[in-house]
Amino acid sequence: MSHDLMTFLRTRLDEEADLARRCDGDGCGVWTAHGHTVDFCQGELSGFHPTIALHVALHDPARVLREVEAKRRVLARHVLSPATGDPQLPWDNRDDCQYDGETWPCDDLLDLASPYADHPDYPRPRRP
């Protein structure tokens with residue numbers, strides 16, 4: 001399960017980053033909402049409810065890429081140590097979640113995966 005979850009999360013983050021890069025064709029990366037209109041830097045699209053326009057603008061490519069990188073850093077802090085089975089052999093002083101009394105995958109990883117629960121490849125966590 002743990003390997004499946006990590007692979008699943010990395011794949012989703014790669015997909016999100018790829019899509020964000022494809023949406024930022026002119027390199028602007030900052031989308032803004034103005035009432036019923038969203039300025040995508042490359043042009044404007046109107047006809048949105050103002051709340052929806054704000055929601056769309058919130059997901060500009062630059063912000064999505066920052067979020068993906070932040071999530072990748074969280075994943076990197078949760079890589080299992082090659083010292084498997086020996087809590088006396090830490091790996092670069094990282095919190096690998098295996099020896100801190102928590103069940104692995106830890107709640108942090110399960111929380112990172114939870115937005116994708118409706119994805120067909122979502123690995124169903126098994127908890128005791």
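Taking label positions 7 Å along the Cα-Cβ direction at both R66 and E15, the computed distance is 2.5 nm, reported to one decimal. Computing FRET efficiency as 1/(1 + (r/R0)^6) for D118 and V30, where r is the C-beta to C-beta distance and R0 is 30 Å, gives about 0.55. The length gained by stretching the chain between L75 and C106 to full extension, at 0.36 nm per residue less their Cα-Cα distance, is 10.1 nm. With R₀ set to 30 Å, the beta-carbon distance separating I52 from F8 gives a calculated FRET efficiency near 0.55.
Every number in this text was worked out from the coordinates using simple rules, so none of it is lab data. Note that this is a predicted model, so its numbers are computed, not measured. FYI the Cβ positions are ideal-geometry reconstructions off the backbone, even for glycines, and counts take in every protein chain you see.
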